[in-house]
Amino acid sequence: MTDTKITSLDVARLAGVSQSAVSRVFTPGASASKKTVDKVRKAAEELGYRPNILARAVVSGKSRIIGLVVAYLENYFYPEALEKLSNALQREGYHVLIFMASQKAGNIDDVVDEMLDYQVDGIVFASVAMSSDIAERCQNAGVPVVQFNRYEDRAGIAAITSDNFGGGRKVAEFLLAGGHERIGHIAGWEGASTQRDRESGFMAGLSAAGRTVFAREVGNFDVDQAREAALAMFDVPAEQRPDALFVGNDHMAFMAMDVIRHELGLSIPGDVSVVGFDDVPPAAWLSYNLTTVRQRANLMVEETVKALLAQIETFDTATATSIALEAPLIVRGSARIPEGWTTT
């Protein structure tokens, strides 16, 4: 070990190139020939040189860091989607810092302050409620923001979601086509745009057929509360039970199915059809075989990265756009399949 700090000038001398060539090799997106890259990286490895990312950020004004705010990792959808998002940003030469927050906007202020202290180039809020104050602070700091799987109706804030309204409506149409008479709903957290839109679409689909929801409980996207909601809805005399159930996400639907089958001894889909939303990996497991609405995580990630980089590159939040991606119904075995429909 040595106390002498190896610099880019040392690497340049050993590699026989200019100091600016060394800088280009270690700058994402910069141009350098393969021959130069090979010489510089070989010299850097011999000397034990590592570029000072923080110093570069001070000089360039760009940290190449994206802040990712996460509130809800219990749902299978988020770990998988956020891994895809992190990988996609890294491919674009950005580093990702993950910050945890609560579902509601209460502690977001401190998280945003911390992110801005890190001089992040952009922020992705994943299923996190945003106040108008937070949006204004980010805009004043010149830091572009994209919401992932949530949206706020504010100018200058890009949002990438599924078509939650359309997905909810598809569920209603599917269950009605299956001949169900008593259709229930376990809602998620009512402060979430995803929940509001899914339920609005679901109710619109029922209303178009002259129907209303038979029973409704709130699970708040929480498995324990989903269990209580399922018990309240189904641990009653048969004539008071729904014969079909739409659950606000798969995470809660799995708990509802476990309660219905294992605690109450009912059959799925014999006694009750169950439909979820998200299409997380366990939905396809034989133990659940859950009919659900698919959130296309790959497309959502692709659009999120495009929306964020467009704002970073143009320094203009006027480029911020909101996109709702089509969400297909995936038909499996947890719900009665109407005539003419097939499993996906």
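The values are calculated or read from the model by the stated rules, or taken from the named source; none is laboratory data. No experiment lies behind these values; they were computed from the predicted model shown. Heads up, the Cβs are rebuilt from the backbone with ideal geometry, glycines too, and the neighbour counts pull from every protein chain shown. To get the accessible areas, we keep the full protein, side chains included, count just its heavy atoms, and leave off ligands, DNA and RNA. Shrake-Rupley method; radii C 1.70, N 1.55, O 1.52, S 1.80 Å.
Scanning region 137-170 for residues that are in a helix (DSSP H, G or I), free of Cβ contacts under 8 Å to residues at least 60 places away in the same chain and charged (D, E, K, R) gives 137, 169. Condition check: among the small types (Gly, Ala, Ser) and either crowded, with 20+ Cβ neighbours inside 10 Å or in a loop (DSSP other than H, G, I, E, B) (or both). Does residue 307 satisfy that? Yes. Under the condition of being within 23 Å of residue 341 (Cβ to Cβ), open to solvent by 60 Å² or more (accessible area, probe 1.4 Å) and part of a helix (DSSP H, G or I), the residues counted in region 171-215 number 3. Checked against (1) closer than 30 Å to residue 303 by Cβ; (2) modelled with pLDDT under 80; (3) open to solvent by less than 60 Å² (accessible area, probe 1.4 Å); (4) in a helix (DSSP H, G or I), residue 86 passes all but condition (2). Is it the case, given these coordinates, that residue 278 is out of contact with any helix residue (DSSP H, G or I) (no Cβ under 7 Å at 6 or more places or on another chain) and either at pLDDT below 95 or among the acidic types (Asp, Glu) (or both)? Against the criterion (out of contact with any helix residue (DSSP H, G or I) (no Cβ under 7 Å at 6 or more places or on another chain) and either at pLDDT below 95 or among the acidic types (Asp, Glu) (or both)), residue 278 does not qualify.
Looking only at residues of region 265-286 that are in a helix (DSSP H, G or I) and open to solvent by 50 Å² or more (accessible area, probe 1.4 Å), we find that the one that is nearest to residue 214 (Cα to Cα) is 284. Do the conditions hold for residue 36, that is, is it at pLDDT below 85 and open to solvent by less than 60 Å² (accessible area, probe 1.4 Å)? So residue 36 does not fit the description; no. Inside region 216-264, residues that are surrounded by fewer than 18 Cβ atoms within 10 Å (Cβ to Cβ) and either assigned to a loop (DSSP other than H, G, I, E, B) or on the phi > 0 side of the Ramachandran plot (or both) make up a count of 4.
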